[in-house]
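Structure first, commentary second.
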Amino acid sequence: MQLHECKTKNDKPVFSLLEHEGVKWLTSKRFEEMTGFRLAIATRFGGVSSGIYESLNFSVSQGDDPDLVKENFVRFGHATGIQAENMVVSQQTHTTHLRCCTKEDRGKGAVRHRGYTDVDGLYTDEPRLGLTISFADCVPVFFADPKKKVIAAVHSGWRGTVGKIGSKMALLMQEQYGCSPDDIYALIGPSICQDCYEVDEPVAARFREVYKEEQWPLLLVQSEKQKETGHYQLDLWEANRINLVDAGVSNDHIIMTNLCTCCNPNLIFSHRATKGRRGVTVGTIWMP
Ligand SMILES: [Zn+2]
């Protein structure tokens, strides 16, 4: 399996590819060593869905069979060691709403009915509860404080990113659990890279409203041709890094992805690469 890593952004290997009974997933050994917690990011391999959902798809919202999606959660959970009945899955609608997860949430969105909507971030201090975020180009961000034993995960597409959902979560960990920003670790997961992510002027304008002027040249790059169309290449990875640093997370506690979903659409589902005909990937973080 070839991982097409974006070396310009991060020249150190970030992810390792693991496999159990055909299910393949990514983890970051560095993140796991730094925190003592577990992280598993699914790939498309080892599930039972077919066609555009082939094969490890975790969403019914694109039209896949709910029984197959449930079986995919079971297989992914069995392979990675956090069983599907111990996962809790977001219900993402590009908000910045964060939800505290407890024992009562075990299995919700994976093998049980959710009972909540519009949740783009999850957090908990409960051990053996797998906080599960889905994505297919949008940025998943995982958080861990090994001292206070708190974990979190957010889904940060462009709307979540300008809404600063990453800052919001890191600040919540500090306010609600007394986490010191020095003890918070974060991983920005596989998602669309700047080279693949063209946006129009209205989206660019939202980023200029929210980010400092000196950050614009990094976040929004424009070719000569794009100057005529008013389009830009947007760096969601860097914008999310800024969001974390703004909330006090130290730069050397942030692991940045070097894997783009759109550059690797056969490995991880990509919305842009497939023009929307696709399944959904998940990532899960848990305290063992
Ligand atoms: Zn890319």
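The values are calculated or read from the model by the stated rules, or taken from the named source; none is laboratory data. Not measured: the values here are computed from a predicted model. Cβ: placed from backbone, ideal geometry, glycine included. Neighbour counts: every protein chain shown. Each accessible area value is taken on the protein alone, full model and side chains, heavy atoms only, with ligands, DNA and RNA left out. Shrake-Rupley method; radii C 1.70, N 1.55, O 1.52, S 1.80 Å.
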Just checking the chain: which Cys have no other cysteine's beta-carbon under 4.7 Å? CYS6, CYS100, CYS101, CYS138, CYS179
Solvent-accessible area per residue for the chain (1.4 angstrom probe, square angstrom): 42
Please compute the Cα-Cα pair-distance distribution of the range 130-189 with 10 Å bins starting at 0, giving whole percents from short to long. 24, 54, 21, 1
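Measure off, as a whole percent, the carbon and sulfur share of the 1.4 Å-probe accessible area of the chain, all protein chains present. Kindly include the intermediate steps, with their values, before the conclusion.
On the way: 5820 of 12070 Å².
The nonpolar share, carbon plus sulfur, comes to 48 percent.
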Would you work out which of LEU267, SER167, SER180 lies farthest towards the positive end of the dipole of the chain? Charges go on Cβ: Lys and Arg +1, Asp and Glu -1. LEU267
What the 10 Å binned alpha carbon P(r) of the chain shows, as percent of pairs per bin from 0, is 7, 31, 38, 20, 4, 0
18 Å Cα-Cα reach of LYS275 towards aspartates and glutamates, excluding residues that sit fewer than 8 places from it in its own chain: GLU54, ASP64, ASP137, ASP195, GLU198, ASP200
Could you point to the residue in GLN233, PRO66, PHE15 farthest towards the positive end of the chain's charge dipole, with +1 and -1 charges on the Cβ of Lys/Arg and Asp/Glu respectively? PRO66
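So if I place +1 on the C-beta of Lys and Arg and -1 on the C-beta of Asp and Glu, and nothing else carries charge, what would the dipole magnitude of the chain be about its Cα centre? I want it in debye, nearest 20.
Details: 33 positive and 36 negative charges, 85 e Å.
Approximately 400 debye in magnitude.
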Can you return the aspartates and glutamates within cross-link range of LYS103? Criterion is Cα-Cα under 18 Å, with same-chain partners fewer than 8 residues away left out. GLU85, ASP125, GLU126
